[in-house]
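Engineer: What follows is a single structure, and I will ask about it in a moment.
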Amino acid sequence: MEREEWGLGWSQVVHAICRTILKFLPWELSHYLVYRLIYIGDAEVPLNYYIIGGIIYALMFAYILTSMFTKRKKSLYDIVVKTNVVKVGP
């Protein structure tokens, strides 16, 4: 009964959590990559680090481009999770 009082169902909470995870994924991956690169020093960079770096840039560009060119200005993570950002107030 409490979730009805707050106006939030479990599906809305799950959508919000998934949206947040997708939204911050490039940020978290970049931190992961930077800390790994610090520890390898002057050694050769492994292929999987290049792949992670490519994923980071691909996600960043996808987020920016989808928010610029979609009809409702929705970013990729909003499209994937099927959420809408609603402007409240004047």
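Each reported figure results from applying straightforward, stated rules to the coordinates on display, with no laboratory input. Fair warning: this is a prediction, and the values are worked out from it, not measured in the lab. Glycine gets a Cβ as well: all are built from the backbone with ideal geometry, and neighbour counts include every protein chain shown.
Engineer: What number, rounded to the nearest 500 deg cm²/dmol, is the helix-based mean residue ellipticity at 222 nm of the chain, given -39500 (n - 2.57) per DSSP H run of at least four residues and division by all its residues?
Structural biologist: Working: 4 runs with 65 residues, N = 90.
Result for the chain: -24000 deg cm²/dmol, rounded to the nearest 500.
Engineer: Taking the Cα centre of the chain as the origin and placing charges on Cβ (Lys, Arg +1; Asp, Glu -1), which of 70, 24, 41 is farthest toward the positive end of the dipole?
Structural biologist: Positive-most Cα among the choices belongs to 70.
Engineer: Another question, then. Modelling each spin label as a point 7 Å along the Cα-to-Cβ direction, I'd like the residue 50/residue 71 distance in nm, to one decimal.
Structural biologist: The answer from the label model is 4.1 nm.
Engineer: Cα axis of helix 47-69 to longest principal axis of the chain: angle in degrees, 0 to 90, nearest 10?
Structural biologist: 40 degrees
Engineer: Here's another thing I want to ask about it. By how many degrees, between 0 and 90 and to the nearest 10, does the Cα long axis of helix 10-40 differ from the longest principal axis of the chain?
Structural biologist: Helix 10-40 sits roughly 10 degrees off the main axis of the chain.
Engineer: Further, regarding this structure: Roughly how many debye, to the nearest 20, is the charge dipole of the chain about its Cα centre, given +1 on each Lys and Arg Cβ, -1 on each Asp and Glu Cβ, and no other charges? Show your work: numbers first, answer last.
Structural biologist: On the way: 10 positive and 7 negative charges, 114 e Å.
Once rounded to the nearest 20, the dipole reads 540 debye.
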